[in-house]
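The values are calculated or read from the model by the stated rules, or taken from the named source; none is laboratory data. All values reported here derive from a predicted model rather than from experimental measurement. Please note: Cβ atoms are built from the backbone with ideal geometry, for glycine as well, and neighbour counts cover all protein chains shown.
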Amino acid sequence: MNDLHIIPVVLGDALQMAEDEVKSKSRKIGLTNIPYNLNLKGMECKWDKIAPPVDSNEILTLIIKAQTTALQSTVYSEVLTKMEFIYGDVKKRHPITIEKLIMINSLGQLKNEVLMKFSELKWVEVFTSAIRSFIARWYLKTNEKGRNYLRELPELTESLMVDGTINTVISGTAKQRELLIFELQAMQDKNLLRYGYYVSNTSVLSCYVTAIDDYHVHFLDGDQGGYTQASKLLKL
């Protein structure tokens, strides 16, 4: 995708089958005596809701699913070609720019970050998060490694995933969205694919950071649960 970040393209339905199995209500998972090593300490939500690069633009969250696995390669290639023709390449339609990044600073936002990590409110962690935010704000402005982190952040953000479906968050105009939806609807009418989408004014970022001058990767979603809302439309 770029010099810093390469995304895999996964075709087939194995990942979807695994996800359906995990989400199945009939499947009971017993965690007793099972080693549990999940560590979310690197998960961060230091950034406020992010406005699109152009103030008049919108954020489009999109899920596209080919009708059959045999069609995936052809259909997804056609969809991505249409998307690039209408919106431009990945860099041009990317929702994140450094200029629009604003670090969280309210108590409510800090509490939400702690709840994401620990599933319960720990005031010591809220205080720690506030201190980390203060230090990070200074570090990003004054340190070369901090400035490098900011420069790398858009390129290390997952704005497009192909994992049996196309999942993407893009920025553009309402007119561009209408053109793309027209093309997708035409393909759906031919029984080639199904799609769901959601439009918002901002996007939200979740980050996995081992150290601010080390490995970091970022996961993008439309505001107000963009992917969740798009998946509801997909299932209609």
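Which fully enclosed strands (runs of 3 or more DSSP E) of region 134-236 have 2 or more residues being surrounded by fewer than 17 Cβ atoms within 10 Å (Cβ to Cβ), in contact with a helix residue (DSSP H, G or I) (Cβ under 8 Å, 6 or more places away or on another chain) and at pLDDT below 95?
Details: elements: 160-163, 166-172, 193-200, 203-209, 216-222.
Once the strands (runs of 3 or more DSSP E) in region 134-236 are filtered for at least 2 residues that are surrounded by fewer than 17 Cβ atoms within 10 Å (Cβ to Cβ), in contact with a helix residue (DSSP H, G or I) (Cβ under 8 Å, 6 or more places away or on another chain) and at pLDDT below 95, nothing remains.
Does region 67-100 hold any residues that are touching a helix residue (DSSP H, G or I) at 6+ places or on another chain (Cβ under 7 Å) and at pLDDT below 95, and which are they?
Residues satisfying the conditions are ARG93, ILE98.
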